[in-house]
1. Looking only at the stretch 135-152, how many residues end up being assigned to a loop (DSSP other than H, G, I, E, B) and either aliphatic (A, V, I, L, M) or modelled with pLDDT of 95 or more (or both)?
2. Could you please give the count of residues in the stretch 113-127 that are outside any loop (DSSP other than H, G, I, E, B), surrounded by fewer than 17 Cβ atoms within 10 Å (Cβ to Cβ) and touching a helix residue (DSSP H, G or I) at 6+ places or on another chain (Cβ under 8 Å)?
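The values are calculated or read from the model by the stated rules, or taken from the named source; none is laboratory data. All of these numbers come straight from a predicted model, not from anything done at the bench. For neighbour counting, all protein chains shown are included, and Cβ atoms are generated from backbone atoms with ideal geometry for every residue, glycine included.
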Amino acid sequence: MKIAVLALQGDFAEHETFFRRLNCQTVQLRQASDLQQEFDAVVLPGGESTVQGKLLRELAMLEPLKKLISNGLPVMATCAGTILLANQILDDDTLHLGLLKCSVRRNAYGRQISSFYTAGSFGGMNNVPMSFIRAPQIEFCAPEVEVLAEYQGRITAVRQKNILAMTFHPELSSDARIAEFFLKMISEAK
Ligand code: GLN
């Protein structure tokens, strides 16, 4: 399996390690021409969504990436990546990819608890590690979006067809179950 990781900013290296541990090959997406190679899926890492969105535009990667995902390419997004995918950002006027039918609020957990760790259920799996780092909140989702995880009543992971999006960082733990969940989504899409 070949996983392309958007490598403009943020914790893309951790995502590469996360998938390499499962014997996947990874490639970095740094410029528009990198999107022309063959790969099975794409990962949008955490980081700073405003910076990533700006770079995607400046590097002319936004539209080609949007097209690939619209055409069914499996995508896994964490944190800032989820903000890039949302079709409504409640506290920001600039939309980026806008393909996930969810509204998100940036930095929703406040300053004091802006980073924390918990473990919870995710799509029927129990005790899955979840690190929240200045995390956004998914506030509303369209009916076709499946909610996979919640933390204290707040939505933290969703799936919409080929899109898997989380507000936390699974790649910061050694638990491989979310990566395996995504690999299964990729196999089913083939
Ligand atoms: N707060 C960041 C943003 O708004 C997201 C943080 C993260 O990706 N860990 O983009």
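1. If we filter the stretch 135-152 for residues that are assigned to a loop (DSSP other than H, G, I, E, B), which is where we start, we get 135-136, 142-145, 152.
Then keep just the ones that are either aliphatic (A, V, I, L, M) or modelled with pLDDT of 95 or more (or both); that gives 135-136, 142-145.
Total meeting the criteria: 6.
2. The number of residues fulfilling the criteria is 1.
Residue-wise test of (1) within 15 Å of the ligand (Cβ to nearest atom); (2) within 26 Å of Ile69 (Cα to Cα).
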position	(1), (2)
Asn107	yes, yes
Ser115	yes, no
Ala119	no, no
Ile138	yes, yes
Cys141	no, yes
